[in-house]
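Written out below as structure tokens is the structure these notes cover.
The values are calculated or read from the model by the stated rules, or taken from the named source; none is laboratory data. For clarity, every value in this text was computed on a predicted model and none was experimentally measured. Cβ: placed from backbone, ideal geometry, glycine included. Neighbour counts: every protein chain shown. The area values use the complete protein model at the heavy-atom level, side chains included, leaving out ligands, DNA and RNA. Shrake-Rupley method; radii C 1.70, N 1.55, O 1.52, S 1.80 Å.
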Amino acid sequence: MGMGIAIGYLTFVALGLIIAFAVLWSTRRGRRDGGQGVAIEKAERAEPWWGVVVLVLLTVLLGITIWQAPWFTENDDPKDVQVKVTGVQFGFLVEPTAVRVGQDVEFNVTSKDVHHAMGLYNPRGQMIMNVEAIPGYTISRSYHFTEPGTYIIRCLEFCGYKHHEMIYPVFQVTA
Ligand SMILES: [Cu+2]
């Protein structure tokens, strides 16, 4: 992936340099004869077509990249599992405590006392989700697990003198 981006970047830089030199070269004759050979009217007639070229390019780029927008990856299907996560000074109540790879999991997050947050970390320690845990409200977030292992939930909203100990260390995702 990184290599592909580097090659793509260098290709665009090379193309840009070629086009820049082509433009500079194309103005040499006009400068030599004092601007006599410049056909302004012809250039003006071509202007709308350059607009069309730009529009076509932008439309193609949009058509290629729009599919990576996040709203096309969201899943409205009924969820396989509901996991209830309740924050309480100073820990998390989690039910059920394990899900399987491939399941669509909907976390329903709330709090019993003060404002907390459920930060979900994958087995490699990367945060993959952060949901506010607010007393009196339940906030739902979906996640599709593709990686088995032990996930960790940490409180990410300062909630009192033991906030740093508010960790749920064993949310299991089994293969
Ligand atoms: Cu907390």
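Just a few scattered comments:
- Check on Val131, closer than 25 Å to Asp80 by Cα and more than 15 Å from the ligand (Cβ to nearest atom): no
- Residue count for segment 158-175 satisfying the condition of being open to solvent by 60 Å² or more (accessible area, probe 1.4 Å) and not in a strand (DSSP E or B): 6.
- Qualifying residue in segment 148-159 (condition: hydrophobic (A, V, I, L, M, F, W, C) and within 21 Å of Val81 (Cβ to Cβ)): yes
- Residue pairs whose Cβ atoms lie under 6 Å apart, sitting 6 or more positions apart in sequence or on different chains, and linking a residue in segment 13-33 that is open to solvent by less than 100 Å² (accessible area, probe 1.4 Å) to a partner that is not β-branched (Val, Ile, Thr), are Gly30/Gly37.
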